[in-house]
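The values are calculated or read from the model by the stated rules, or taken from the named source; none is laboratory data. Just so you know, these numbers come straight off a predicted model, no measurement behind them. We place every Cβ from the backbone using ideal geometry, glycine too, and count neighbours over all the protein chains shown. When the accessible area is computed, the model is the full protein with side chains, heavy atoms only, and any ligands, DNA or RNA have been set aside. Shrake-Rupley method; radii C 1.70, N 1.55, O 1.52, S 1.80 Å.
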Amino acid sequence: MAMDIIEKVIAIRDSLPQESSNLIDYSLAPIPPFCGKKTIKLIILGQDPTIRNIKQRSKIQYALNLDNNKSPLRKYIEKICVGLDLSLDNIYATNIYKYFYTFPPADNLDVLKRHLEPNLKLLESELSDFEECPIITLGEPVLKLLTNSNEKVRDYWNYNDCGFHYNSPIQNILHRPIFPFPHQPSIRKEFYNGNFLRYLDYMKKILNPSLIAKKNF
């Protein structure tokens, strides 16, 4: 499955026009998804693998660096899993854009918007194997790309006492329940750190098996 996806990513990448503001980096191979070894119960969706440290990019082997035991991002996702009574073996992790850019494209969201359509079609096909799985998104650019809104992650995390909530299937282009999370470095901020376990508890209530069975999102 992973190699088939990579072949499709290469075809998409090679068909896209080059951008004057942020070139696609053809020197690095696209990054395959990470798939747990047990029943997949949760999808974690990132933006793209283009970290700022150029020298470290070639060391990334799987989406969200989940094969790297020392990765801060892996440790962050492991904490999310523990809070949901899951493990990495229950996770399918992937990026909307699986190839590299010359610098992180969140700096220029317009590039991502122009390249979204073919990557989104591939993502929809990729996730069709996990029809019942909710999605955690990492970072605000991913949330904006999937919802066409200007909402921030904090808006879902009881900012200004607005309550905890999620993005329902009728509110996003993947038609899945989406639970927005901040990027890993942002979880150190007082607001997110203070609400982290509370949001996970909220998720567990929403994702109660009886609710999932009834598709009552």
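Consider the range 10-39 and keep the residues that are among the polar types (S, T, N, Q) and farther than 26 Å from residue 68 by Cβ. The one that is farthest from the chain's Cα centre (by Cα) is 20. Considering the range 8-39, the residues that are among the aliphatic types (A, V, I, L, M) and within 30 Å of residue 89 (Cα to Cα) include one that is surrounded by the fewest Cβ atoms within 10 Å (Cβ to Cβ), namely 11. When residues in the range 24-80 are screened for being of a type in the set (Lys, Arg), more than 21 Å from residue 96 (Cβ to Cβ) and not in a loop (DSSP other than H, G, I, E, B), 3 of them pass. Selection of the range 141-177 for residues being of a type in the set (Lys, Arg) and farther than 22 Å from residue 106 by Cα yields only 176. If the condition is being surrounded by fewer than 18 Cβ atoms within 10 Å (Cβ to Cβ) and aliphatic (A, V, I, L, M), then the range 89-114 contributes only 109. Among all positions in the range 178-185, there is at least one residue which is surrounded by fewer than 18 Cβ atoms within 10 Å (Cβ to Cβ), within 29 Å of residue 120 (Cβ to Cβ) and not hydroxyl-bearing (Ser, Thr, Tyr). Within the range 131-146, if we keep just the residues that are open to solvent by 30 Å² or more (accessible area, probe 1.4 Å) and in a loop (DSSP other than H, G, I, E, B), the residue that is modelled with the highest pLDDT turns out to be 131.
Whether any residue in the range 154-165 is farther than 18 Å from residue 32 by Cβ and under 15 Å from the mean Cα position of the chain (by Cα) is what I want to check. Among the residues of the range 154-165, not one is farther than 18 Å from residue 32 by Cβ and under 15 Å from the mean Cα position of the chain (by Cα), which makes the answer no.
Taking into account only those residues within the range 147-194 that are aromatic (Phe, Trp, Tyr) and assigned to a helix (DSSP H, G or I), which is farthest from residue 131 (Cα to Cα)?
Applying the filter and picking the extreme gives 191.
If you filter the range 69-95 down to residues that are acidic (Asp, Glu) and at pLDDT 95 or above, you find that the one that is farthest from residue 197 (Cα to Cα) is 89. Only one of the listed residues (127, 123) is over 15 Å from residue 30 (Cα atoms) and either surrounded by 16 or more Cβ atoms within 10 Å (Cβ to Cβ) or not aromatic (Phe, Trp, Tyr) (or both). That residue is 127.
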